[in-house]
Every structure is written in C-alpha cells, then in structure tokens.
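Only one structure is covered here, and it is reproduced in the block below.
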Amino acid sequence: MSTADVLFAAHPTHATAVIATVSSDLHLTANALLAGHGFEPVTKRTWVLARIDHHEPCWANLTAQSMADKGIAFQITPELRKVIDSHTSKGQHPASAAGRDTRDRASVEAQQIHNDLRHGRLTIHAHAYDGPSTVAVGTYHDGPSIHLHGADHLRAVTDTFPSPVQAISAFQHLHRDAVRPGPAPLTHTERQVIEALTSLRNGQEPERPSLRETVPAHAADPADHEAVLDQFLHQHANWHKHRVWSDETTLAIHETQTLRVQLLHEPEPGDATWTIAAYESPVAERTWRITLTAATPAPVLETLLDALAEGDPWDIALGSPVTDKTVTHATRPLSDAGWKPTINGPTITWEAPHTDGQESTVGVQFDALSAHPAHSYLDTWTLWAGKNPVQPTWTLHASAYTPTGLLTRLTETLAHDTGIRTTPTNQHTARPDHRTSLAPTRPATAGPPTNRRSR
C-alpha cells in the first residue's frame, strides 16, 4: 500500500460498492469517519461501503472530503475516480441534495431501515403484497412497532405503534388474507449488498481486480441490469414497478400505460434480457418493440432508457412508419462517421470502418421486407457487435414502427460514444503506484456523463 492513510478503490465484484483500506488498524480517526459514512469493517484494515441506492461513489467522495478536513492523507484509485466523476456529472450527490429533494431524503431513510434490518435492530413479524408493492410490520428492539411500504431504496415507514400487538392487529386488518409470516424474500439489490460485504471477509487485502479502459460504446461492459432499472425508476417518478406472476421478471410501466419495460433476470443464452414495448392506448395492440440481449453495453442501454424517458410518451408510443426519409434520418450518424452501407437484396447493412488490431466489429442492419405493414411484428432493425452478424456478442432488435428518434439516438451512440471496459488482471500483477493523492470532488451541478457525449 502507498504512503496514504486510506486508499479508496472500486469493489472487485460489485458495480458501485467501494473499498477503503486503512494503513493501520489503530487509525481510530479514519475508522470513525468510515463508520460514520456507512462503511463497514470486513477485516482489520478493510472497510466496504455497499448501499441499496447505488450511490456509494458519492458517499465515498464525501468521506474523502471529511478526511481532507481532518488532515488524513488518502488516495482514490483512477478507476474509482472515473466512477465518482460519472456520478458527479449526473448530479448524483444524495447527501448535498437531501435538503432539496424529498426522494433523496427518503433514500437515506430507506438505507437506515435496511441497515436496521440487516443488523437485527428491526425484526419483521409479517409481510404482504399490496398490488406491486411489498408491505411489512415490524418492531425495533427497545423501540416502537412500525408499518413499512416498498422495498430497497423506496422502503418507508407509513405508521408507528406503541406495541407489536397493536401493529400486527392493524396490519392484519389492512391486508387480511394476503398476510404472510416473517419477512419477504430478499430483493436482488439486498442480495448484492450482502454479497459485496461478505465476499471480502477472508482476512486478506483485496487485490486490484481489473484494468479499466475507455473503448467505443459497442465494446463497453454490459450494465448491471437490476441497478440500471432501479436507478431509472428512482429518477423517473412517472414510471412504476409492477409485480408479475413470476419473480424471474420485473415490469416497469409508464403512468400512461402506453410504454412498458420488462427485465428478465436470468435469461437463457440468446434470449432477450430487456423488452421495451409500446401501445397506442392501454388496451390497444402493440405498436412496436425493442429487445436487447444480456451483453448489450451499458452506454447503449442507458441511451435507450434516457431517450425513452425524455420524449413525449404518447408520441413515442405511436412510433414512426418506415419511409426512405426515416431510414436516412436514423442512419445519418453512421454516414457522418464514415460507415458505408452494403445492399444485399432487401437488406441494407452499415458496418464501422475497420481499424488495425480490431477484434470485433459493429453494425446496423435494416430489413426492408420486415418493414412492410403486413410484417410489422417482425424485427426490422438489428444493432449488433461481435465477430460477425451471425456470431454476435450482443444484439438489439427493433420492429418497424420503432420511433425514428430512438433509432437515431442509438446510432449516434454506436458511431460516436465511448464506454468503460474492464479486463481481469493477473493477481500477481503489481499494484500501480498511487502516491499522488486525488482530491475529492465537491458536489456539482448535473452535466453530461464523462463516458458519453453531451447531447
């Protein structure tokens, strides 16, 4: 380890968790600051921050600022600095925003409830499902009994009672036959947090897990799908999570009920992980659909969800009929970037210009036959990257009426954007020298992510 008292680094297996390694297990001030900001000790010198709201980089940055104020020397690895800068550019500073945004205050309270549950300070007597939401009744040790509503960062206290008997009686009156004993099953996010905290309880200092590099968007790492959906729902109050018959699937629906996002948590190889569908009205037939496989890069998925949330829901749901003009508009970013079209019967394919040392390629394919109104349920557009179109690493399929604006945003991303790719390193590879301390970032106003172009 370097000359700093504390080294902050990205967690080797959790997308947003942070590791803090202290130079001495007797550095009481550093330990106290870490504990006060939510870090938990996993060895004598190693602390982990894992939260259910995925804001760990921001809290780690605030912890580093507190250490700077106390004169404690610290370092932030370049990999973690990139993550912090990305969260900063998106305005994700929950502590500084807590006084301004009710949702952020609620997220902080939900985190405390989660901590109380995990550490045994709060015992759940029973739970039920109130439509798409989880509800529960519990009692604090040496404290009141409460009713809870929601899960993860959306969990909140809805009522308080002086005794467990009163709380349970009221809960049974409200939810009747739906009441089940004990707590609800852990959510995916809760399991991730627990795994992040327990995976390093081996008495060893964490090794540097991977090398991160900036690459074209099509070659970037896949997103943490559950984390992306949770963050999307947190940022867009007009989208709501709905429970479906199987725990294998999560469904998010826009308040107009014309746009739906489905996430399949454990798809079979080749199956769609994400399905985005649009309907002209809540009871109408589907107008268009987009599917994405599990390995779809994070910049592509984030672009699609951003575009879906930013547009007018009714216009997006109606989609766009395919014409020569809409095809030209959707693929203009490719042409501007030097991608050349190849025509093979009814199919037009645009592929990125090849460069020396390129291991994979990326392309966009348009099938004019599938664009015919009689075949509107078929895949008209295919975005892919990999060895070749027949052996892709990932694919995105879109039907005929997919809005031209969404397609244009996606081709812009493929043509111009970048992302982060992590490559596992040999465990014996020397840790790079981080003797230069990197100052924490002060809370900033929202701006474009560092790994994507400002639009």
Identify the residue in the range 391-406 that is assigned to a strand (DSSP E or B) and touching a Gly at 6+ places or on another chain (Cβ under 9 Å) and, among all such residues, is most open to solvent (accessible area, probe 1.4 Å).
THR393
Examine the range 301-315 for a residue that is within 29 Å of THR134 (Cβ to Cβ), more than 19 Å from the chain's Cα centre (by Cα) and modelled with pLDDT under 95, and state whether such a residue exists.
yes
Test for HIS54: is it modelled with pLDDT of 85 or more, touching a helix residue (DSSP H, G or I) at 6+ places or on another chain (Cβ under 6 Å) and at positive phi:
yes
I need every pair where a residue in the range 141-162 that is of a type in the set (Asp, Glu) has its Cβ under 8 Å from the Cβ of a residue that is assigned to a loop (DSSP other than H, G, I, E, B), sequence separation at least 6 or different chains.
ASP152/ILE52; ASP152/ASP53; ASP152/THR187
Please go through the range 178-197 and give me each residue that is outside any loop (DSSP other than H, G, I, E, B) and either at pLDDT 90 or above or open to solvent by less than 70 Å² (accessible area, probe 1.4 Å) (or both), ordered by number.
ALA178, ARG180, PRO181, HIS188, THR189, GLU190, GLN192, VAL193, ILE194, ALA196, LEU197
At pLDDT below 90 and farther than 20 Å from THR380 by Cα - does that describe any residue in the range 333-342?
no
Determine if the range 26-33 includes at least one residue that is in contact with a helix residue (DSSP H, G or I) (Cβ under 9 Å, 6 or more places away or on another chain), in contact (Cβ under 8 Å) with a residue 24 or more places away in the chain and within 28 Å of ILE420 (Cβ to Cβ).
no
Checking SER107 against (1) open to solvent by 10 Å² or more (accessible area, probe 1.4 Å); (2) at pLDDT below 85, which single condition isn't satisfied?
(1)
Please count how many residues of the range 306-348 are touching a residue at least 60 places away in the same chain (Cβ under 8 Å) and hydroxyl-bearing (Ser, Thr, Tyr).
3
Selection from the range 121-157 of residues closer than 23 Å to LYS241 by Cβ, in a loop (DSSP other than H, G, I, E, B) and open to solvent by 20 Å² or more (accessible area, probe 1.4 Å) yields GLY131, PRO132, ALA151, ARG155
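The values are calculated or read from the model by the stated rules, or taken from the named source; none is laboratory data. Bear in mind that the values here come from a model prediction, so they are computed numbers and not experimental data. Positions of Cβ are backbone-derived with ideal geometry, glycine not excepted, and every protein chain shown enters the neighbour counts. Note: accessible area is taken over every heavy atom of the protein model, side chains too, but ligands, DNA and RNA are not part of it. Shrake-Rupley method; radii C 1.70, N 1.55, O 1.52, S 1.80 Å.
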